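Sending over a structure as structure tokens; questions will come in a sec.
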Amino acid sequence: RQMLERGYSSGAIEATLGLATDDALERELFNNEALDFIEADNIDLEDLKTVESHTRVELDEDTGEPIRTQMVYVDEHTCIGCTNCAMVAQSTFFMEEDLGRARVFQQWGDDEETIQVAIETCPVDCIHYVPYEELKRLEIDRRGQNINFKARLVSQGEYGGGQSHNVGGATGFTAPQKISGNMGSRCNNCPSRGCKNCPMYGIGKNPEFERKEKERKRKREERKLRM
């Protein structure tokens, strides 16, 4: 328990000492700490079940468009619920209660370096950079999703999005979402290498992203001069 309270994960304790740990205790300690950050961001705890980060994105007061074009999104079908990103970047990610998956509640709630560490240390590379338009589509499509998390233990059966038999009848599971970052091969611990052909938005040489970033930085400098 003392090691858990000091921030060591169950996996680290088991690997070092060869002792089994109680995941329930680890999750309790994590949830108590995470709630402090969420409450500090003025998000009602009841809203966490329905919060969609695209509705909280900061907009440019002149154009009405998002100040940043690069957003963060978790592929919840691939997520294994390890809590890593929610521990590293606690003002950006949280653990969705019903499915036990990580989810973004505030875009860029943490600084760029912290979010990149969360992405690079994800054990299954399920966190993506996506453009705002795609983020909005994905979060709307995610409403009412039903992930067959048990299928991951034996197969990737849920990837077909078909029917799974349960006592009392068949239950439909939603298919994985189509995310641009999955449309090409990604390196392990993406995006640390910064490959030019990286499918993650804003990592490779995406001309539209580079144009928008240049414009964003120009406007930011103009605002500084006016202050």
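Can you tell me how many residues in segment 109-130 are open to solvent by 10 Å² or more (accessible area, probe 1.4 Å) and in contact with an Asp or Glu (Cβ under 8 Å, 6 or more places away or on another chain)?
1
Return the residues of segment 79-94 that are under 11 Å from the mean Cα position of the chain (by Cα) and open to solvent by 30 Å² or more (accessible area, probe 1.4 Å); say none if nothing qualifies.
Matches in segment 79-94: ASN84 only.
Search segment 136-147 for residues that are under 13 Å from SER53 (Cβ atoms) and pair each with any residue that is surrounded by 15 or more Cβ atoms within 10 Å (Cβ to Cβ) when their beta-carbon atoms are under 6 Å apart and the residues are at least 6 apart or on different chains.
LYS136/HIS54; LEU138/TYR73; LEU138/GLN177; GLU139/GLU52; GLU139/HIS54
Hey, among the residues in segment 178-201 that are in a loop (DSSP other than H, G, I, E, B), closer than 19 Å to GLU133 by Cα and open to solvent by less than 20 Å² (accessible area, probe 1.4 Å), which one's modelled with the lowest pLDDT?
Per the stated criteria, the residue is MET200.
Scan segment 97-126 and report the pairs whose first residue is over 17 Å from ILE147 (Cβ atoms) and whose second residue is open to solvent by less than 40 Å² (accessible area, probe 1.4 Å) and aromatic (Phe, Trp, Tyr), with Cβ atoms within less than 7 Å and a gap of 6+ or a chain change.
Short answer, once both residue conditions are applied: PHE105/PHE94; ALA118/PHE93.
Okay, next question. Out of curiosity, is GLU158 surrounded by 17 or more Cβ atoms within 10 Å (Cβ to Cβ), modelled with pLDDT under 70 and charged (D, E, K, R)? Give the derivation first.
Numbers: surrounded by 17 or more Cβ atoms within 10 Å (Cβ to Cβ): yes; modelled with pLDDT under 70: yes; charged (D, E, K, R): yes.
Yes: the conditions hold for GLU158.
Write out, first by first residue and then by second, each pair whose Cβ atoms fall under 7 Å of each other, whose residues are 6+ apart or on separate chains, and whose first residue, in segment 64-83, is in contact (Cβ under 8 Å) with a residue 40 or more places away in the chain and in a loop (DSSP other than H, G, I, E, B) while the second is acidic (Asp, Glu) and surrounded by 20 or more Cβ atoms within 10 Å (Cβ to Cβ).
These pairs meet every condition: HIS77/GLU158.
The values are calculated or read from the model by the stated rules, or taken from the named source; none is laboratory data. Nothing here was measured: the structure is a model prediction, and the numbers come from that model. In this analysis, Cβ positions are derived from the backbone assuming ideal geometry, glycine residues included, and neighbour counts consider all displayed protein chains. All accessible areas refer to the heavy atoms of the entire protein, side chains included, with ligands and DNA or RNA removed. Shrake-Rupley method; radii C 1.70, N 1.55, O 1.52, S 1.80 Å.
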